[in-house]
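Student: Right, I'll just put the structure down here and ask away after.
The values are calculated or read from the model by the stated rules, or taken from the named source; none is laboratory data. All of these numbers come straight from a predicted model, not from anything done at the bench. All Cβ positions, even for glycine, are placed from backbone atoms using ideal geometry, and neighbour counts span all protein chains on display.
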Amino acid sequence: MRHLLSTKDLSRESAIRLLDIAEDMAEVQNREVKKLPTLRGKTVVNLFFEDSTRTRISFEAAAKRLSADVINFSAKGSSVSKGESLKDTAQTLQAMGADGVVIRHQSSGAPFTLATSGWIDAGVINAGDGMHEHPTQALLDAFTMRRRLHGEASRGKALDGVAVTIVGDILHSRVARSNVWLLDTLGAEVTLVAPPTLVPVDVSGWPVAVGYDLDEAIDDGVPDVLMMLRIQGERMHAAFFPNEREYSRTWGLDDERLARLAGDTIVMHPGPMNRGLEISAAAADSPRSTVREQVANGVSVRMAALYLLLAGEES
Ligand code: CP
């Protein structure tokens, strides 16, 4: 794998392979010594132009557990504030010997530009670009679903026939976009449930069903997975920010809806969560919730992605 920019680019075979390698990496996490020598001598740069907790820290942990050297770059406090361009920033990091660049950027397409412009030789991983994609989040979500649904027998499996309902701010969500493409590739059936104002206008080409009633989705749809999304206030004009009480009452996974979920339905959220808005504290902390598993699985999945980029064969 040369770059990881989008889940749309992943074949079913390569997605399952990455998830299986992540299983191997998860086994390493359970050992007393959690490190492998695989990327000794390689340098991974975390190039973050947007804030992050989970993604940046888990990429750092993943690279270090594969014995790579890690350089963390945050746009805040860097020469980006003096007007330095993405090209000059990237080439500065290339000059420092980057083998892999993990980039989060507010502009959709920035990772693609970095990977294809010829500015740098390093492999590029998209850690979230604008409202476009967040492929490693979708991969860790799929890994988490596979483990919850198939348990010990996860290896080699896809998600055929699994009913996944993604709820909330689809419009601004790169997590939703990456999940839609990957889940379709893995055979899952995806339904989006959102206020009409938070569904993208271009959704007609997506392999999904669309609904506007969360109660109907829970009571009649009986999803295997209910994925709640964060309301992304930072990407909305203030005039369009929904009334919080109204949003929570109509679109939130509150305690009453949590109690009505079918026996095996799991509750996911990519984080960070707005507790009390799209998800109640009881739902976030319930045994159905995979929120903390998703974070832990993120390290294994990102180890697998770095391995395939920097140590795996070309494909
Ligand atoms: N899910 C996710 O991308 O979280 P961060 O913004 O904290 O990285």
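Student: Could you say which residue among Arg249, Arg302 is surrounded by fewer than 18 Cβ atoms within 10 Å (Cβ to Cβ) and on the phi < 0 side of the Ramachandran plot?
Tutor: Arg249
Student: Here's another thing I want to ask about it. Out of the residues in the stretch 231-246 that are in a helix (DSSP H, G or I) and surrounded by 12 or more Cβ atoms within 10 Å (Cβ to Cβ), which is modelled with the highest pLDDT?
Tutor: Here the answer is Glu244.
Student: On to the next question. Could you look through the stretch 259-280, keep only residues that are of a type in the set (A, V, I, L, M, F, W, C) and closer than 14 Å to Arg230 by Cα, and pick out the one that is surrounded by the most Cβ atoms within 10 Å (Cβ to Cβ)?
Tutor: The extreme case among them is Ile279.
Student: Another one. Just to verify a result, which residue in the stretch 54-80, among those that are modelled with pLDDT under 95, within 16 Å of the ligand (Cβ to nearest atom) and not in a strand (DSSP E or B), is nearest to Ala95 (Cα to Cα)?
Tutor: Taking the candidates together, the pick is Ala75.
Student: Moving on to the next point. In the stretch 255-263, is there at least one residue being within 27 Å of Thr185 (Cβ to Cβ) and either modelled with pLDDT of 95 or more or not small (Gly, Ala, Ser) (or both)?
Tutor: Yes; the residues of the stretch 255-263 include at least one that is within 27 Å of Thr185 (Cβ to Cβ) and either modelled with pLDDT of 95 or more or not small (Gly, Ala, Ser) (or both).
Student: List, please: which pairs have Cβ atoms under 6 Å, are six or more places apart or on different chains, and start with a residue in the stretch 277-297 that is part of a loop (DSSP other than H, G, I, E, B) and end with one that is acidic (Asp, Glu)?
Tutor: Taking only residues 6 or more apart or on different chains, the pairs are Leu277/Glu244; Ser280/Asp254; Ser280/Asp255.
Student: Can you pull out the helices (runs of 4 or more DSSP H) entirely within the stretch 84-159 that have at least 3 residues that are within 13 Å of the ligand (Cβ to nearest atom)?
Tutor: Answer list for the stretch 84-159: 135-150.
Student: Would the stretch 22-40 turn up any residue that is part of a helix (DSSP H, G or I), within 23 Å of His132 (Cα to Cα) and touching a Phe, Trp or Tyr at 6+ places or on another chain (Cβ under 8 Å)?
Tutor: Within the stretch 22-40, none of the residues are part of a helix (DSSP H, G or I), within 23 Å of His132 (Cα to Cα) and touching a Phe, Trp or Tyr at 6+ places or on another chain (Cβ under 8 Å).
Student: Further, regarding this structure: Taking Ala61, is it under 26 Å from Ala188 (Cβ atoms) and not charged (D, E, K, R)?
Tutor: No.
Student: Within the stretch 41-53, count every residue that is within 13 Å of the ligand (Cβ to nearest atom) and either of a type in the set (Gly, Ala, Ser) or part of a strand (DSSP E or B) (or both).
Tutor: Matching residues across the stretch 41-53 total 3.
Student: Also, quick follow-up: Go through the residues of the stretch 17-37 one by one and say whether even a single one is in contact (Cβ under 8 Å) with a residue 24 or more places away in the chain, more than 16 Å from the ligand (Cβ to nearest atom), of a type in the set (Gly, Ala, Ser) and over 19 Å from Pro111 (Cα atoms).
Tutor: yes
Student: Something else: Going by the conditions given, is Ser178 of a type in the set (Gly, Ala, Ser), modelled with pLDDT of 95 or more and assigned to a helix (DSSP H, G or I)? Step through it out loud before you land on a result.
Tutor: Numbers: of a type in the set (Gly, Ala, Ser): yes; modelled with pLDDT of 95 or more: yes; assigned to a helix (DSSP H, G or I): yes.
So Ser178 fits the description; yes.
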